[in-house]
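Colleague: Sharing a structure here in structure tokens format.
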Amino acid sequence: MPTLLSDLTTLRLGGPAHRVITATTADELVQTVLTADNDRQPVLIVGGGSNLVVGDAGWAGLVVIVRTSGITIDTAGDSVRLTVAAGERWDDVVAMTVADGISGLAAMSGVPGLTGATPVQNVGAYGHEVGQTISGLTIYDRELAEVRHWTPAECGFGFRTSAFKHTDRYVVLDVTFDLVRSPLAGPVRYLELARRLDVDPEASVAQSELREAVLELRRSKGMLLDAADHDTWSVGSFFVNPFVPPELVPDGCPNWEVDGRVKLSAAWLIENAGFAKGFRLDGPVSVSTKHTLALTNRGGATTKELLELARVIRAGVQERFGITLRPEARLAGAEL
Ligand SMILES: Cc1cc2nc3c(=O)[nH]c(=O)nc-3n(C[C@H](O)[C@H](O)[C@H](O)COP(=O)(O)OP(=O)(O)OC[C@H]3O[C@@H](n4cnc5c(N)ncnc54)[C@H](O)[C@@H]3O)c2cc1C
């Protein structure tokens, strides 16, 4: 029986993989990719499959499942340097830091997937991004066939993007985070979270308190994986919050200034273009009933049906606001 990508993705969509290898060490990961490259086989790297939309025809090459492990911790005074293998589950790493009184990651609690994928789109939540604490990475550069150590400056971190997004050239082998030992998380800042915690946005709270509040908020939005909740059979946000020139900000649309540019709420655009929570076409796919940015598989759907829903929403937003939404997830063997 061929492995189905639907068994490897949180959307539970995607056809068969031609060939599958699970890599459990960094060496194995590098050698597997190198051999496939020499044989000119298309390679798809799969971590937790939580940001992947794979076509119904599947993947006609090699699927490499990353299952490497290992965490090293170096401490100097209050400084803690954590080097994490790509295959470690992200939320386990966050939970471990919170339990050990290491501050810096708690706001990103509950994000699905593996640590090696976090730099790819500079994973972020509740005002924090991994790029803020990453101090280095080990990567395999497929073009140069070389393992290299990269500084954060080389990674090009931006809002949900980096040098690793929109390219298959690099495989992340491990990620190093520079954190501090502290029972408190830094100032909450994110208003929705401060409200949930009932504190001033500039207040600091215990890390465990922050983690619990984040997990609760995420659960209420269907952003915490739960096999029993179809609202979480998604890739999280399907579309990225778009950047527009200031004169194109629609009246009433929540917006933020980021590096001199204006970022809009894609959820607001979708809702105000007429696609409410739970919106659906004929097939078993719908906008999540808890969050307009998540497109979900209600069970037994196809990628074709999901992408049709995405196209209808993208066209509706384009028609209403003249803004083109772009997908956040990696589309493999599929096109929007
Ligand atoms: C319910 C839900 C909530 C989410 N919430 C958030 C959120 O709050 N913030 C956020 O930023 N994202 C969020 N996401 C998206 C997703 O969880 C993240 O992007 C996550 O980092 C993807 O990790 P993964 O291991 O599942 O990657 P995968 O889906 O397996 O892969 C994603 C992409 O990264 C590549 N890749 C994976 N591992 C490596 C590696 N080691 N080296 C090089 N390339 C690699 C893959 O080839 C693919 O292109 C959410 C997703 C879901 C389903």
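The values are calculated or read from the model by the stated rules, or taken from the named source; none is laboratory data. Just so we're clear, the structure is a prediction, and the values are computed from it rather than from any experiment. Every residue, glycine among them, receives a Cβ derived from its backbone with ideal geometry; neighbour counts consider all protein chains shown. We work out accessible area using only protein heavy atoms, side chains counted, and drop any ligands, DNA or RNA first. Shrake-Rupley method; radii C 1.70, N 1.55, O 1.52, S 1.80 Å.
Colleague: Quick check for me: using +1 on Lys/Arg Cβ and -1 on Asp/Glu Cβ, what's the dipole size of the chain about its Cα centre, in debye to the nearest 20? Walk me through the intermediate numbers first.
Modeller: On the way: 31 positive and 41 negative charges, 147 e Å.
Computed charge dipole of the chain: roughly 700 debye.
Colleague: Would you work out the relative contact order for the range 14-103, in percent, from Cα pairs under 8 angstrom that are 6 or more residues apart? Before the final figure, lay out each step's value.
Modeller: On the way: 130 pairs, mean separation 28.5, N = 90.
Relative contact order of the range 14-103: 32 percent.
Colleague: Please list, ordered by chain and number, the residues whose modelled amide H lies under 5 Å from the amide H of residue 54; skip anything fewer than 5 residues away on the same chain.
Modeller: 332
Colleague: Now for a separate question. What FRET efficiency do you get for residue 258 and residue 324 if R0 is 25 Å and r is their Cβ-Cβ distance, rounded to the nearest 0.05? Could you put the intermediate results ahead of the total?
Modeller: On the way: r = 19 Å, r/R0 = 0.74.
For residue 258 and residue 324, the calculated efficiency is 0.85.
Colleague: Explain nothing, just compute: Karplus ³J(HN,Hα) = 6.51 cos²θ - 1.76 cosθ + 1.60, θ = phi - 60°, for every residue of the range 281-295 in order, whole Hz, x for Gly and Pro.
Modeller: Going residue by residue, I get 9, 6, x, x, 10, 7, 5, 3, 7, 10, 7, 6, 8, 9, 9 Hz, with x marking Gly and Pro.
Colleague: Could the peptides 273-286, 231-244, 303-316 be put in order, highest first, of the mean number of other beta-carbon atoms found within 10 Å of their residues? Walk me through the numbers on the way to the answer.
Modeller: Numbers: 273-286: 16.6, 231-244: 22.1, 303-316: 19.0.
Packing proxy ranking, top to bottom: 231-244, 303-316, 273-286.
Colleague: Oh, and also: For the chain, give the percent of accessible area contributed by carbon and sulfur heavy atoms, probe 1.4 Å, rounded to a whole number.
Modeller: Numbers: 7420 of 15050 Å².
For the chain, the apolar C and S fraction of the accessible surface comes to 49 percent.
Colleague: More than 13 Å apart: what percent of Cα pairs in the range 57-115 qualify? Spell out each step's value before the answer.
Modeller: Values: 1135 of 1711 pairs.
Across the range 57-115, Cα pairs with separations above 13 Å total 66 percent.
Colleague: Comparing 73, 21, 45, which has the greatest mean-square fluctuation in the GNM of the chain with Cα pairs linked when under 10 Å apart?
Modeller: 73
Colleague: Among the aspartates and glutamates, which fall within straight-line cross-link reach of residue 290, defined as a Cα-Cα distance under 18 Å, with same-chain neighbours fewer than 8 residues apart omitted?
Modeller: 192, 216, 226, 229, 231, 271
Colleague: Just the number please: accessible area per residue for the range 49-127, 1.4 Å probe, all protein chains included, in Å². Working shown, then result.
Modeller: Values: 2480 Å² over 79 residues.
Computed with neighbouring chains in place, this is 31 Å² per residue.
Colleague: Across the range 269-279, in residue order, what do the Karplus-derived ³J(HN,Hα) couplings come to in whole Hz, using 6.51 cos²θ - 1.76 cosθ + 1.60 with θ = phi - 60° and x for Gly and Pro?
Modeller: 4, 5, 4, 7, 8, x, 10, 7, 3, x, 4
Colleague: Shifting gears a bit: What residue among 250, 119, 16 shows peak mean-square fluctuation when the chain is described by a Gaussian network model with Cα springs under 10 Å?
Modeller: Maximum among the listed residues: 250.
Colleague: For the chain, what's the relative contact order in percent, using C-alpha pairs closer than 8 Å and at least 6 residues apart?
Modeller: Details: 738 pairs, mean separation 54.4, N = 336.
With pairs under 8 Å counted, the relative contact order is 16 percent.
Colleague: Before rounding to the nearest 500, sum -39500 (n - 2.57) across all DSSP H runs of length at least 4 in the chain and divide by the residue total; then give [θ] at 222 nm in deg cm²/dmol.
Modeller: On the way: 7 runs with 74 residues, N = 336.
-6500 deg cm²/dmol, from helical runs alone.
Colleague: Normalised by the number of residues in the range 164-319, what is the relative contact order in percent for Cα pairs under 8 Å and 6+ residues apart?
Modeller: Details: 207 pairs, mean separation 24.6, N = 156.
Over the range 164-319, the number comes to 16 percent.
Colleague: Efficiency by 1/(1 + (r/R0)^6): what FRET value for residue 132 and residue 7, r their Cβ-Cβ distance, R0 = 35 Å, to the nearest 0.05? Provide the component values of the computation, followed by the final result.
Modeller: Values: r = 34 Å, r/R0 = 0.97.
Efficiency for this residue pair is about 0.55.
Colleague: Could you tell me the calculated FRET efficiency between residue 72 and residue 146, based on Cβ-Cβ distance and R0 = 22 angstrom, to the nearest 0.05? Mind dumping the intermediate values first?
Modeller: Working: r = 22 Å, r/R0 = 1.02.
Taking R0 as 22 Å, the efficiency between residue 72 and residue 146 is 0.45.
Colleague: Right, here's the next one. Heavy-atom accessible area per residue, the range 201-283, 1.4 Å probe: how many Å²? Before the final figure, lay out the partial values.
Modeller: Numbers: 4140 Å² over 83 residues.
Per-residue value: 50 Å².
Colleague: To check you understand DSSP bridge types, tell me what percent of the beta bridges within the chain (both residues inside) are antiparallel, rounded to 5. Intermediate results must be reported in sequence, preceding the final value.
Modeller: Numbers: 44 of 57 bridges.
Here the share of antiparallel DSSP bridges comes out near 75 percent.
Colleague: Using the alpha carbons of the range 35-186, what is the convex hull volume per residue in cubic angstrom, as a whole number? Before the final figure, lay out each step's value.
Modeller: Details: hull volume 17.4 nm³, N = 152.
That works out to 114 Å³ per residue.
Colleague: Would you calculate the convex hull of the Cα atoms in the range 3-79 and tell me its volume per residue in Å³? Present the calculation step by step, with values, prior to reporting the outcome.
Modeller: Working: hull volume 8.3 nm³, N = 77.
Considering the Cα atoms of the range 3-79, their hull volume per residue is 108 Å³.
Colleague: Mind pulling the per residue volume of the convex hull built on the Cα atoms of the chain? Å³ is fine.
Modeller: So the per-residue hull volume is 140 Å³.
Colleague: Tell me, what HN-Hα J-couplings in whole Hz come from the Karplus equation 6.51 cos²θ - 1.76 cosθ + 1.60 at θ = phi - 60° for each residue of the range 247-257, using x for Gly and Pro?
Modeller: 6, 9, 6, x, 4, x, 7, x, 8, 9, 8
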